[in-house]
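Worksheet: the structure to be examined is printed underneath.
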């Protein structure tokens, strides 16, 4: 008698099953598996994403009270995420045990998100107390916070595959992602090197010909909008490249990036300007 065919479909599992599958009935994580707690974590991730999206100069300028609303929301969300992290560390251990917290990839991601949430809160308080300038260089520490969307996607993704098959798929796809990333970084670096060598800082603009603009060949540090071409146009001093109209001259402008714009290839870091058209 022929045996019944074995199904290759497994039980539906969450993408972040690694720690939860090792929890026993007496574990402190049992109550975290309840639907109400799960949806609370979903909601906190969404609140965090909305809060960091509202944290912009223009938004706070239009609605001043959002400074305090976003701070309260961030504090509430961060306290819940911190509580979740502490409970997991207590249940599985920090670096010791069968499944220690800091050796799990998703837990490392969760811990980094908690860290950046606390950094964002401290920075927000310092800005409200006027101890640091709003949106100064320290604001870059708030940049990783939108990655909380990964947690939202992770909590909603469910696969109906055996765990061994799922791990095999992730292992194979990770190698392909690595190859594509290296291929992308190669052309990104090539683009930056060619831009620096061929185009430079792109500081020459077409300005209206006048006694002031024709008096010297030195870079101009003061210019008005009425003297610039409309639209603003890059130009070349020699016969190659774009040539200014007859009533304009090509001048090098010595302006700060905050005034003249950040377009150019003055250094390799400008490689991120992939979608800027070069004349």
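Any residue at all in the range 96-108 that's surrounded by 15 or more Cβ atoms within 10 Å (Cβ to Cβ), under 18 Å from residue 38 (Cβ atoms) and in contact with a helix residue (DSSP H, G or I) (Cβ under 6 Å, 6 or more places away or on another chain)?
yes
Out of 56, 83, report the one residue that is surrounded by fewer than 18 Cβ atoms within 10 Å (Cβ to Cβ) and closer than 17 Å to residue 144 by Cβ.
Sole residue among the options that is surrounded by fewer than 18 Cβ atoms within 10 Å (Cβ to Cβ) and closer than 17 Å to residue 144 by Cβ: 56.
Cβ-Cβ below 6 Å, separation at least six or inter-chain, first residue in the range 23-42 and within 19 Å of residue 100 (Cβ to Cβ) and assigned by TED's automatic domain parsing to the domain that holds residue 91, second at pLDDT 60 or above and in a loop (DSSP other than H, G, I, E, B): which pairs?
Correct list of pairs: 23/29.
Table: residues versus (1) in contact with a helix residue (DSSP H, G or I) (Cβ under 9 Å, 6 or more places away or on another chain); (2) surrounded by 10 or more Cβ atoms within 10 Å (Cβ to Cβ); (3) modelled with pLDDT of 80 or more.
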| position | (1), (2), (3) |
| --- | --- |
| 135 | yes, yes, no |
| 168 | no, yes, yes |
| 181 | no, yes, yes |
| 197 | no, no, no |
| 207 | yes, yes, yes |
| 218 | no, no, no |
| 230 | no, no, no |
| 236 | no, yes, no |
| 241 | no, yes, no |
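Would the range 251-258 turn up any residue that is assigned to a loop (DSSP other than H, G, I, E, B), closer than 21 Å to residue 194 by Cα and modelled with pLDDT of 70 or more?
No, the range 251-258 has no match at all.
The values are calculated or read from the model by the stated rules, or taken from the named source; none is laboratory data. What you are looking at is a predicted structure, and each value in this text was computed from that prediction instead of being measured. Methodologically, a virtual Cβ is constructed for each residue, glycine included, from the backbone with ideal geometry; neighbour enumeration extends over all protein chains shown.
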